[in-house]
Every structure is written in C-alpha cells, then in structure tokens.
Amino acid sequence: MADFDANFDFNQIIPRKGTGSRKWDAVDTVFGSADVLPLWIADMDFASPEAVTRKLIERASHPIYAYNTQEASLYQAFINWVKRRHNWEIEQDWILLAPGVVPSIVLSILALSEPGDGVIIQPPVYPPFFDSIKDNQREIVENPLIENNGRYEIDYDDLEQKLADPKNKLLLFCSPHNPVGRVWTRAELSKVYELCQKYNVDVLSDEIHSDLVYSEHKHTVFASLGTPVCKQSVTFMAASKTFNVAGLNLSFIVVPCKRRRALIKAEINRLHLNRNNLFGVLASETAYAEGDAWLDGLLEYLEKNADTLVDFTEKRLPKVKVVKPEGTYLAWLDFRAYFSNAKELDDFLVQKAKVGLNSGKTFGRQGEGFARINLATQRSVLLEALVRIEKALEAVSDTL
Ligand SMILES: Cc1ncc(COP(=O)(O)O)c(C=O)c1O
C-alpha cells in the first residue's frame, strides 16, 4: 500500500465533471460561464491515498450506514500524526470532533466571546473568517498584513493596538496563511504569542493547511509555543485539505485548557453536533495512519507546480507579480499592473482568459486587483490555465 501511494502518479487526469464536484460542476453558476477552466475552491484534482479509498469501499460494501461510534483509534491516529509531523504532543482529552473547520471556528467564537465583542483577523484572508464573525453578531477588527514586494508580514504595532482594546476578545489566526501562502516562522509566532499573552486575548489558530508546507519551511503549531502548551489557544486541524477528503466532513478542535474546552463542548452539545460522519472518521483515521508516503509525494509535486507558476509568470507574464507560496496549494497573483479595479480583473479572467480563479476582493478590500489560483491540479492543467491568461493578456494589452 505504502509503495503504491509512494509511486502515485499525480500527472494522471481524473475527470471530475459529473461527480457532484463543486469546483467542476458549479462552474456555470459560480462564474456564469460553462467553458471556464476551474482553479478556484481549495480542493485537489488528485485521488486520495489508495489506502483511504480501499477502506471506504470495504466499509461501503456493508450496506448499513447507521449510527456509528467514535473509535479511540481515530484519536490515536491523529495524536500520532501531530507528534510525527509537527512534533506536538497532545492528549486525547484535549480533542473535540466537529463537522468542519469553519463550523469549529463558529462554535469557538460563540463559546469564547459575547455578541458585540471584537474578533481580530489579518486580511487579506480566507473569506469565511469575515462571515463567521459578522453572522454571529461579533465585530470584525482588521489587522491587515503588510505587503512588501509580494511577501506578506504581520503588522505588530497595529496588532498590539488592537489587542490592547479590551473589547477585542479573540484573534482568529490563519497559519499557514490562506491566500498569501506564508508559513509563519517561530520568531513571528512568538511575537504574536507574547502580545496575546500580554493582553490576555485567546487565539483561534486555523491550521488546516499545516501539513502542506514546502521544503525550506517548517510549520510550528501556535499552541506549542506555551510551556508546555498555550492554554489560551484553540487549534483547528483536519485531514480534509491534506488528503482531499473535504466532502466527508470531519475536523479536530484541540483545546488544552479545560475551562475553554468545556465551553466549546457545551456549544457542540447545544447544537447537537456531537456525532460525526462514518466515512469521515474512517478516511481521517486511515489517512493519518497510512498517508505519509502519499503526502510526501504530493508535496514534491505541488512544490514543482509552484515553481512552474513562478517560472512561467516571470518569463511570460512579467507584469503579473507572484511570490512562491511557502505552504498551502494556493498562490496569490497580483494583476494590479493591468487592472485598476476588481470587477475589470474578474471579468477579464472569466470572459477573456476563461479561467475560474478566486476573486481577490472576497479576501478583503486588500485583495482588489489580486486573484487566488489553486495549484492542486495536474501540471498540464495548470499550464493550460497560464497559457489562457497569457493569450488573453496579449489580446487586451493594446487596449489597456
Ligand atoms: C484557512 C481555511 N480554513 C478552513 C477551510 C475550510 O474548512 P472546512 O471545509 O473544514 O470548513 C479552508 C478551506 O479552504 C481554509 O482555507
């Protein structure tokens, strides 16, 4: 099995149209055009590890899909994974299960803040961060990242000001960061940690992309900065991005502090969310137990895609700016040299280039003039998208 997954062919095209794939089958509704090549929503065009598929088929062949238990082996596989891949030691008691990371963020906001409280975010950032705050009657407080020649950094002075305001109760942190692809260094995380400790602000750390980090970078779990663990942290992780099983709806909330854990658990119980998808449980456990070789192959492939993007852009789209992501399979393209507003750029990408990327403006006003591209596809598909953009830019550049 490990051999099969180690030799997995990521170049193989697996048609997804007609499989109920949001990325491929909702193109018409999302972009208003059916002939758009989709490189948007964050899932992958690759098959999950063979071990996962085999486990699901084996279980699906038993025709009763009724209420399931939550096996200790699931927790153990996750505990072993975070120790092995992130050198983070956690206890089973700290873990809560949930049907996804965004629902977990909402549950934690509800549990650890009151209506009217401020929640700090660092835009440009994953769009549901805004909604999870606003839709629950909390206030969005922006600590925008600073862009320095395409590379993004944290504005610590501004962060300190926001943390010092007693109305602001939580920092919703994205690590690694979607969409800018930063893998925060230990030094950067330590500064955030110290400031949050100083002002007694809890950190909701979304680490869903933590397994997707490229060769020269290393993910540090925010909670591991404490001694021995940061009690003011809640960490969100899942197999969903790493192993392409987002449709199976399972994620982990790690809460080392007993009091905070009880509050989040009470929200889970209040909403009767304390049961989980049978197939999500099996897929996550199997992926964490047997997925290392496959993931190592995936990371190698994705990093080459990131290099291909940067190389192509430098040589053939020189006015488009991109910095190689340090982690995540997402890249943040700066089209500001061509387009002065988001609508012009979005119309150009869909109508002229016929590619479906995520509009930068959905990541906050800082994203105007940017688009996010999803690199988790076969290299031939990525190259086709880039050639489409190149040709369309050539065609319009006389008129710009
Ligand atoms: C930072 C971040 N958090 C959460 C999610 C989605 O999590 P889920 O599907 O488990 O709600 C994504 C998906 O793109 C993401 O990028």
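The values are calculated or read from the model by the stated rules, or taken from the named source; none is laboratory data. Worth saying up front: this structure is predicted, and the values here are computed from it rather than measured. Note that each Cβ is placed from the backbone with ideal geometry, even for glycine, and that neighbours are counted across all protein chains shown. All accessible areas refer to the heavy atoms of the entire protein, side chains included, with ligands and DNA or RNA removed. Shrake-Rupley method; radii C 1.70, N 1.55, O 1.52, S 1.80 Å.
So what is Rg over Rh here for the range 64-290, counting just Cα atoms and using Kirkwood for Rh?
0.95
Test of understanding: what is the full-extension gain from Glu216 to Asn7, defined as 0.36 nm times their sequence separation minus their Cα-Cα distance?
72.9 nm
Grab the Cα-Cα distance for Gln197 and Arg365, subtract it from 0.36 nm times how many residues apart they are, and report the gain in nm with one decimal.
Between Gln197 and Arg365, full extension yields an extra 57.6 nm.
Residue by residue through the range 52-69, what is 3J(HN,Hα) from phi via Karplus (6.51 cos²θ - 1.76 cosθ + 1.60, θ = phi - 60°)? Round to whole Hz and write x for glycine and proline.
5, 4, 4, 5, 5, 5, 4, 6, 5, 6, 8, x, 10, 10, 8, 3, 10, 8
Can you give me the Kirkwood hydrodynamic radius for the range 303-371, using every pair of distinct Cα atoms, in Å to one decimal?
12.4
Just tell me the longest site-free run in the chain, where the sites are GluC sites (Glu not before Pro) in a DSSP loop having at most 12 other beta-carbon atoms within 10 Å. Kindly include the intermediate steps, with their values, before the conclusion.
On the way: sites that count: Glu71, Glu89, Glu91, Glu216.
The segment 217-400 is the longest one with no such site.
Residue separation times 0.36 nm, minus the C-alpha to C-alpha distance between Arg59 and Glu91: what's the value?
Values: separation 32, 0.36 × 32 = 11.52 nm, distance 2.83 nm.
The Arg59-Glu91 span can extend by a further 8.7 nm.
Once the Cα gyration tensor of the chain is diagonalised, what are the square roots of 5 times its eigenvalues, in whole Å and ordered largest first, as equivalent ellipsoid semi-axes?
Here the semi-axes work out to 32, 28, 19 Å.
Could you sort Phe8, Phe370 by their accessible area in this structure, using a 1.4 Å probe and putting the largest first?
These residues rank, largest area first, as Phe8, Phe370.
Given N residues in the range 283-400, what is its alpha carbon radius of gyration divided by 2.2 N^0.38 Å?
Its radius of gyration relative to the 2.2 N^0.38 Å reference: 1.18.
Quick one: grab the alpha carbon gyration tensor of the range 4-46, order the square roots of its eigenvalues as a ≥ b ≥ c, and give me rounded if a/c is under 1.5, else prolate or oblate depending on whether a/b is larger than b/c.
It comes out prolate by the Cα gyration axes.
Find how many whole Å separate the alpha carbon centroid of the range 25-77 from the alpha carbon centroid of the range 301-371.
Distance between centres, Cα-based: 27 Å.
Skipping prolines and chain starts, which residues have an amide H placed within reach, meaning under 5 Å, of the one on Gly118, given they are 5 or more residues away or on another chain?
Glu139, Asn168, Lys169
For a quick check: with amide H placed at 1.01 Å from N, whose amide H comes under 5 Å from Gly327's, ignoring anything fewer than 5 positions away on the same chain?
Residues meeting the amide H criterion: Val183, Tyr214.
If r is the Cβ-Cβ distance from Gln351 to Glu114 and R0 is 51 Å, what FRET efficiency results, to the nearest 0.05?
The formula returns an efficiency of 0.65 here.
Name the chymotrypsin sites (Phe, Trp or Tyr not before Pro) in the range 56-98 that are in a loop by DSSP and that have at most 13 other C-beta atoms within 10 Å, would you?
Tyr65, Tyr67
Could you give me the ³J(HN,Hα) list for the range 379-392, computed from phi with Karplus coefficients 6.51, -1.76, 1.60 and θ = phi - 60°, whole Hz, x at Gly and Pro?
Working through the residues one at a time gives 4, 5, 5, 4, 5, 4, 4, 5, 5, 4, 5, 4, 5, 5 Hz.
Through the Karplus equation 6.51 cos²θ - 1.76 cosθ + 1.60, θ set to phi - 60°, convert the phi angles of the range 87-93 into ³J(HN,Hα) values in whole Hz; use x for Gly and Pro.
Karplus-based 3J(HN,Hα) across the range 87-93 equals 6, 10, 9, 10, 10, 4, 4 Hz.
Relative contact order for the range 150-230: what percent, with Cα pairs under 8 Å and sequence separation of 6 or more?
This gives 33 percent for the range 150-230.
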